Amino acid sequence: EDQVTQSPEALRLQEGESSSLNCSYTVSGLRGLFWYRQDPGKGPEFLFTLYSAGEEKEKERLKATLTKKESFLHITAPKPEDSATYLCAVDDNYGQNFVFGPGTRLSVLP
Amino acid sequence: DGGITQSPKYLFRKEGQNVTLSCEQNLNHDAMYWYRQDPGQGLRLIYYSQIVNDFQKGDIAEGYSVSREKKESFPLTVTSAQKNPTAFYLCASTPTGYSSYNEQFFGPGTRLTVL
């Protein structure tokens, strides 16, 4: 059975304090790993797609990396507006089976 | 502007009632999905549809029903058979149903509360 876990469950950072969020997955055949940002009471907002081990993508203060078993979302010098829940998901069947992790709730304090 | 709309934003249901949640997209996407989100849990797939007039059950389809009569619309009915329907419901779409590497685009969600 495909599984996605995320750690930590919650993370509190001071503004400017860099850190990383982890997404570990077990799937039969990875077709894509996705990162989303979700603000309270809203739908998830797409951030990145990673397709193969070794791949990296960046957007502003965020950088996503992928290995064969896990993905990291690195946050460099975060700001309070980066506070949100970050969701990881995998697709192992060409859009017919997205599996989401429970998310990491990030709080960045000024 | 292209996007996915869900209505209503908040919905209250009495026990024993069926309610229908609306999801419309103008992105010309083929595939559409319904998820349920509960606190502390990941999104769980209820139903998905790769093309018009075709849909498949997800992991938690019991107590729910859908239809896909038009490409842009994928309504979800929460029936009285769903024992614990209070949750945040999210609709999503992807450009093509059977190709790889498709990120999902999400609507703003509907929060359903059973009174």
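The values are calculated or read from the model by the stated rules, or taken from the named source; none is laboratory data. If you're wondering where the values come from, they're calculated on a predicted model, not measured in any experiment. Reconstructed Cβ throughout: ideal geometry from the backbone, glycine too, with neighbour counts over all protein chains shown. The protein model used for the area step is the full one, side chains on, heavy atoms only, and it has no ligands, DNA or RNA in it. Shrake-Rupley method; radii C 1.70, N 1.55, O 1.52, S 1.80 Å.
I'd like to verify a number: residues in region B:15-52 that are touching a residue at least 24 places away in the same chain (Cβ under 8 Å), assigned to a strand (DSSP E or B) and closer than 19 Å to A:Gly101 by Cα, how many?
Total satisfying the criteria: 7.
Would you confirm, using the coordinates I've provided, whether B:Arg44 is within 11 Å of the chain's Cα centre (by Cα) and surrounded by fewer than 20 Cβ atoms within 10 Å (Cβ to Cβ)? Let's see the steps before the verdict.
Numbers: within 11 Å of the chain's Cα centre (by Cα): yes; surrounded by fewer than 20 Cβ atoms within 10 Å (Cβ to Cβ): yes.
Taking the combined requirement at face value, the residue satisfies it.
Has region B:6-13 got any residue that is of a type outside the set (Phe, Trp, Tyr), within 12 Å of chain A (Cβ to nearest Cβ), within 11 Å of the chain's Cα centre (by Cα) and closer than 24 Å to B:Asn102 by Cα?
yes
Which of the residues spanning region B:81-109 are at pLDDT below 90 and facing another protein chain (nearest Cβ under 7 Å)?
Within region B:81-109, B:Thr94, B:Gly97, B:Tyr98, B:Ser99, B:Ser100, B:Tyr101, B:Asn102, B:Glu103, B:Gln104 meet the criteria.
Considering only region A:30-65, state which residues are under 15 Å from A:Gln6 (Cβ atoms) and small (Gly, Ala, Ser).
A:Ala64, the sole residue that qualifies.
May I ask you to say which residue of B:Phe12, B:Phe55 is open to solvent by 60 Å² or more (accessible area, probe 1.4 Å) and in contact (Cβ under 8 Å) with a residue 24 or more places away in the chain?
On the way: B:Phe55 fails: in contact (Cβ under 8 Å) with a residue 24 or more places away in the chain.
Selected residue: B:Phe12, the only one of B:Phe12, B:Phe55 that is open to solvent by 60 Å² or more (accessible area, probe 1.4 Å) and in contact (Cβ under 8 Å) with a residue 24 or more places away in the chain.
Which residues, counting only those in region B:58-84, are open to solvent by less than 50 Å² (accessible area, probe 1.4 Å), within 13 Å of the chain's Cα centre (by Cα) and in contact (Cβ under 8 Å) with a residue 24 or more places away in the chain?
B:Gly58, B:Ile60, B:Tyr64, B:Val66, B:Arg68, B:Ser73, B:Phe74, B:Pro75, B:Leu76, B:Thr77, B:Val78
Out of everything in region A:84-96 that is more than 8 Å from every other protein chain (Cβ to nearest Cβ) and either of a type in the set (Ser, Thr, Tyr) or not in a strand (DSSP E or B) (or both), what residue ends up being most open to solvent (accessible area, probe 1.4 Å)? Quick ask: steps written out before the conclusion?
To start, the set of residues in region A:84-96 that are more than 8 Å from every other protein chain (Cβ to nearest Cβ) comprises A:84-86, A:88, A:90, A:92-93.
Filter once more, keeping what is either of a type in the set (Ser, Thr, Tyr) or not in a strand (DSSP E or B) (or both): A:85-86, A:92-93.
Details: A:Thr85: 36, A:Tyr86: 1, A:Asp92: 23, A:Asn93: 67 Å².
Taking the candidates together, the pick is A:Asn93.
Select, from A:Leu109, A:Leu33, A:Leu21, the only residue that is at pLDDT 95 or above and touching a Ser or Thr at 6+ places or on another chain (Cβ under 6 Å). Reasoning before the result, please.
Working: A:Leu109 fails: touching a Ser or Thr at 6+ places or on another chain (Cβ under 6 Å); A:Leu33 fails: at pLDDT 95 or above.
Unique residue meeting the criteria: A:Leu21.
Tally time: how many residues in region B:15-40 are in contact with a Leu (Cβ under 8 Å, 6 or more places away or on another chain) and open to solvent by 20 Å² or more (accessible area, probe 1.4 Å)?
The first filter runs over region B:15-40 and keeps only residues in contact with a Leu (Cβ under 8 Å, 6 or more places away or on another chain), leaving B:15, B:19-21, B:23, B:33-37.
Checking the rest, the ones that are also open to solvent by 20 Å² or more (accessible area, probe 1.4 Å) come to B:15, B:20, B:37.
Of the residues in region B:15-40, 3 are in contact with a Leu (Cβ under 8 Å, 6 or more places away or on another chain) and open to solvent by 20 Å² or more (accessible area, probe 1.4 Å).
Pick from region A:69-83 the residues that are open to solvent by 10 Å² or more (accessible area, probe 1.4 Å) and not acidic (Asp, Glu): which of them is farthest from the other protein chains (Cβ to nearest Cβ)?
Filtering first and then ranking leaves A:Ala77.
Please go through region B:14-42 and pick out each residue that is within 13 Å of chain A (Cβ to nearest Cβ) and small (Gly, Ala, Ser).
B:Ala31, B:Gly40, B:Gly42
What number goes with the only condition from (1) under 14 Å from the mean Cα position of the chain (by Cα); (2) within 14 Å of another protein chain (Cβ to nearest Cβ) that B:Thr113 does not pass?
Just one mismatch for B:Thr113, condition (1).
Name the residues in region A:38-68 that are in a strand (DSSP E or B), touching a residue at least 12 places away in the same chain (Cβ under 8 Å) and open to solvent by 40 Å² or more (accessible area, probe 1.4 Å), would you?
Scanning region A:38-68 gives A:Phe46, A:Lys59, A:Lys63.
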